[in-house]
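Each remark here refers to the structure printed beneath this line.
The values are calculated or read from the model by the stated rules, or taken from the named source; none is laboratory data. Quick caveat: nothing in here was measured; it's all calculated off a predicted structure. Quick reminder, even Gly has a Cβ in these numbers, built from the backbone with ideal geometry, and neighbours come from all protein chains shown. Surface accessibility is based on the protein's heavy atoms, side chains included, excluding ligands, DNA and RNA. Shrake-Rupley method; radii C 1.70, N 1.55, O 1.52, S 1.80 Å.
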Amino acid sequence: MMMQPVQILRSVISIQTTLSKYHPLLIEGHSSDTRDPSTVAKQITINLERSWKERNVSKPIILITQGDPLTERGISAITRCVANNLGIKRCLVCLDGHIDLEHAILADRHDVLYELTYSQLVEILNDKSFDAGTTSSDDMYANIAKLTEAIDNTIAAKNARRRTLGQDPLEDWYKKYALLQEVTKSAFKRISGEVTVAHATDEIMEFSVTSFYKVGLELGLIEVQDMVDYSDS
């Protein structure tokens, strides 16, 4: 069966028109996760279906991925399994070439319907006139400057902690991937007016990119009810 060609969304208007009809799902976890991805995905699927029923989510679901290359285990394998379990397609967000030349090249495009760039989502976050039909105030939409400052402060705090442990500072690339993570889900909440962010583990590593999820919560870009914790109990 032929794969449907990927539609490149080239403007904010096309992004809003095309993606506002979906409920965006993002799954956060570690690329180094060694667990069986199908087992992890089964638990995430159970968690999601329970959450969506409680929240009365009615829009069709689309899985938002952020350029992870496909591996046998880890978050990219887990997201594939969840998409298969739910029977849903995907939307791919990649870093622009001037930020990371290889990010888009290496991205897994299996079952991807739409593709857009990080800079387009930054534009949406910065556009105060952007209206996804929500009643939230402008204060709910911290712009990229505020988000960048919060991530810089988080990195500084993590590096201070690492110094006490006798560890080297975080690598420079942490910042761009933390921004990609937080900008993506925050912008998609503006686009759709709703979002689900599911964790693939209860044991989020202190110095992982995933751990930056707290930034979006603290700024009010993502709300607690948008989050779905992982639990295999």
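Across segment 98-111, which residue is surrounded by the most Cβ atoms within 10 Å (Cβ to Cβ) among those that are over 13 Å from residue 68 (Cα atoms) and either touching a strand residue (DSSP E or B) at 6+ places or on another chain (Cβ under 9 Å) or hydrophobic (A, V, I, L, M, F, W, C) (or both)?
111
Within segment 175-192, none of the residues are of a type outside the set (A, V, I, L, M), out of contact with any Leu (no Cβ under 9 Å at 6 or more places or on another chain), in contact (Cβ under 8 Å) with a residue 40 or more places away in the chain and within 12 Å of residue 26 (Cα to Cα).
If the condition is being modelled with pLDDT of 95 or more, among the hydrophobic types (A, V, I, L, M, F, W, C) and either open to solvent by 100 Å² or more (accessible area, probe 1.4 Å) or in a strand (DSSP E or B) (or both), then segment 9-27 contributes 25, 26, 27. Scanning segment 80-97 for residues that are outside any helix (DSSP H, G or I) and farther than 13 Å from residue 64 by Cβ yields a count of 4. Does segment 154-173 hold any residues that are surrounded by 12 or more Cβ atoms within 10 Å (Cβ to Cβ) and within 25 Å of residue 95 (Cα to Cα), and which are they? Once the filter is applied, which keeps residues that are surrounded by 12 or more Cβ atoms within 10 Å (Cβ to Cβ) and within 25 Å of residue 95 (Cα to Cα), segment 154-173 yields 154, 155, 156, 158, 159, 169, 170. Per the listing 58, 38, 32, the residue uniquely open to solvent by 30 Å² or more (accessible area, probe 1.4 Å), closer than 21 Å to residue 176 by Cβ and either among the small types (Gly, Ala, Ser) or part of a loop (DSSP other than H, G, I, E, B) (or both) is 32.
How many residues, within segment 195-233, are in a loop (DSSP other than H, G, I, E, B) and either within 14 Å of residue 185 (Cβ to Cβ) or within 16 Å of the chain's Cα centre (by Cα) (or both)?
Taking segment 195-233 as the starting set, the residues that turn out to be in a loop (DSSP other than H, G, I, E, B) are 195, 200-208, 219-223, 229-233.
Of the ones still in play, those that are also either within 14 Å of residue 185 (Cβ to Cβ) or within 16 Å of the chain's Cα centre (by Cα) (or both) are 195, 200-201, 204, 208, 219-223, 229-230.
The total comes to 12.
Just to be sure before I move on: is residue 195 open to solvent by less than 30 Å² (accessible area, probe 1.4 Å) and in contact with an Asp or Glu (Cβ under 9 Å, 6 or more places away or on another chain) in the structure I sent?
Working: open to solvent by less than 30 Å² (accessible area, probe 1.4 Å): yes; in contact with an Asp or Glu (Cβ under 9 Å, 6 or more places away or on another chain): yes.
When the stated conditions are applied, residue 195 passes them.
Every test in (1) open to solvent by less than 60 Å² (accessible area, probe 1.4 Å); (2) more than 18 Å from residue 185 (Cα to Cα); (3) among the basic types (Lys, Arg) is passed by residue 90 save one, and that test is (2).
Quick check: anything in segment 78-96 over 14 Å from the mean Cα position of the chain (by Cα), among the small types (Gly, Ala, Ser) and at pLDDT below 95? No.
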